[in-house]
Amino acid sequence: MTEEESNLYEHIWMHRFRDNLFRLMWNEGLTVKELADRTGISQSTIDKWLYYDVCPSAYNIVRIARGLGCPITDVIDYFY
């Protein structure tokens, strides 16, 4: 895989992650502050995931899933 292809896949994954996170927050009726309170992740970090091309760590993906009470696959599932 070339670097260009790798960057493209990361970009696509980031958009899917962002879509999933917005959907999960919408379904729960959560604001960024409320998600931050549930997960212990700062609001600024969550904002970076939602509005910029910043990927969360695996550790933070687990924290999101636990805070939302959902399987990890609901957070990161590319083919949701």
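The values are calculated or read from the model by the stated rules, or taken from the named source; none is laboratory data. This one's a predicted model, so the numbers in the text were calculated from it and none came from an experiment. Here the Cβ positions follow ideal geometry from the backbone for every residue, glycine too, while neighbour counts run over all protein chains shown. Calculation scope for accessible area: heavy atoms of the full protein, side chains included, ligands and nucleic acids excluded. Shrake-Rupley method; radii C 1.70, N 1.55, O 1.52, S 1.80 Å.
Hey, got a sec? Which chymotrypsin sites (Phe, Trp or Tyr not before Pro) in segment 1-79 land in a DSSP loop and have at most 13 other Cβ atoms within 10 Å? Could the numbers behind the result be given before it?
On the way: sites: Tyr9, Trp13, Phe17, Phe22, Trp26, Trp49, Tyr51, Tyr52, Tyr59, Tyr78, Phe79; in loops: Tyr52, Tyr78, Phe79.
Listed in order of number, the matching sites are Tyr52, Tyr78, Phe79.
Can you tell me the 0 to 90 degree angle between the C-alpha axis of helix 3-28 and the longest principal axis of the chain, rounded to 10? Once rounded, the angle reads 20 degrees. Charges were assigned to the Cβ only: +1 to each Lys and Arg, -1 to each Asp and Glu. The resulting dipole of the chain about its Cα centre is roughly 400 debye. Enclosing the Cα atoms of segment 1-54 in their convex hull gives a volume equal to 75 cubic angstrom per residue. Heavy atoms of the protein chains alone define the surface here; on that basis the chain has 65 Å² accessible area per residue at 1.4 Å probe size.
What relative contact order, as a whole-number percentage, does segment 1-55 give when Cα pairs under 8 Å and 6 or more residues apart are counted?
It comes to 35 percent, rounded to a whole number.
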